[in-house]
Amino acid sequence: EPEVTQTPSHQVTQMGQEVILHCVPISNHLYFYWYRQILGQKVEFLVSFYNNEISEKSEIFDDQFSVERPDGSNFTLKIRSTKLEDSAMYFCASSYETLNEKLFFGSGTQLSVL
Amino acid sequence: DAKTTQPNSMESNEEEPVHLPCNHSTISGTDYIHWYRQLPSQGPEYVIHGLTSNVNNRMASLAIAEDRKSSTLILHRATLRDAAVYYCILKLYNTNAGKSTFGDGTTLTVKP
C-alpha cells in the first residue's frame, strides 16, 4: 500500500529556533494535512491544504506556523520560532478527496524543543 | 463540530470478537462515520467508514444504527496487534470535510 513519508523521525531544537518538518504525501493525492499530538493527549488538527493554499486552519496554527508545497511532491511545515509547548509528535496526512475518502497518515516527526 | 462519545477503555480476549460502540446523536444526514486507530508510537491508521449501510472490509465491520445516532466497530477476532486507541470520527459535510476532529477514543486492551 502507498505510504506517506515523514522526515526526520526525531528533531531536537533549541527554543526560538526555526524548524522545518518534511512530508512526502502519496503521489496522486490532492489534500494535505498536518496534525500534532502532545504526549498523552489527543490528536489535534493544525491545517489543511488544497490547490496550493490553506483551506482551513485551527487556532493552534498561528503566525509562527506556515506550510508549503514547494515542488509538487513535498509538503512542509515550518515553525518560525519554536516554543517549549511546540514539543509534540507531528503527523502529516494526505487524501485523494475529503468526505468519502480515508486519510493516510505518516509515522510522524517527534519534535523536542529544549 | 458534531461530537462523538466513546467509552474510555475496553478489554478483550485474544481471538474473541470485540464490539466498540460510538454515539453520535447530533449527526447530520450527510455526515460520514469514520473509524481510525492508533497503535502505540504510530500515526493514526484508517480502519473503515460508512454513511448509512453496514460496511465490511478486511480489517473490520461497521454496523450503523438505523437512525444513525450510533455505530459499532466490530473486530471479528481480536489479536494482540489490535491493541490500540480506536477513534470514531464524523466527517462533516458542511465544513472542510478533510478536517478530522479526534476525540479521546477507546483504548482497547487485548489479553492473550
Open item on the list: Of everything in segment A:10-37, what is closer than 23 Å to residue A:102 by Cβ and surrounded by fewer than 14 Cβ atoms within 10 Å (Cβ to Cβ)? Give them in sequence order.
Closed with: A:27, A:28
- [ ] Collect the residues in segment B:80-106 that are at pLDDT 90 or above, on the phi < 0 side of the Ramachandran plot, in contact with a strand residue (DSSP E or B) (Cβ under 7 Å, 6 or more places away or on another chain) and not hydrophobic (A, V, I, L, M, F, W, C), keeping them in residue-number order.
- [x] B:82, B:86, B:87, B:106
Open item on the list: Against the definition (within 15 Å of residue A:6 (Cα to Cα) and among the polar types (S, T, N, Q)), how does residue A:76 come out, yes or no?
Closed with: yes
Open item on the list: Residue under question is residue B:71, and the condition is that it be out of contact with any Cys (no Cβ under 8 Å at 6 or more places or on another chain), of a type in the set (Ser, Thr, Tyr) and in contact (Cβ under 8 Å) with a residue 12 or more places away in the chain; does it hold?
Closed with: no
Task: Qualifying positions in segment A:59-114 - under 13 Å from residue A:29 (Cα atoms) and more than 13 Å from chain B (Cβ to nearest Cβ) - done: A:69, A:72, A:73, A:74, A:75
Task: One residue from B:83, B:63 being over 26 Å from residue A:3 (Cα atoms) and of a type in the set (Gly, Ala, Ser) - done: B:63
Open item on the list: When you scan segment A:1-14, do you find a residue that is within 23 Å of residue B:87 (Cβ to Cβ) and free of Cβ contacts under 8 Å to residues at least 24 places away in the same chain, even just one?
Closed with: yes
Task: Condition broken by residue B:105, with the remaining ones in (1) within 12 Å of chain A (Cβ to nearest Cβ); (2) small (Gly, Ala, Ser); (3) more than 15 Å from the chain's Cα centre (by Cα) satisfied - done: (3)
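The values are calculated or read from the model by the stated rules, or taken from the named source; none is laboratory data. Here the structure is a predicted model, which means the values were calculated and not measured. So basically every Cβ, Gly included, is an ideal-geometry build from the backbone, and we count neighbours across all protein chains shown.
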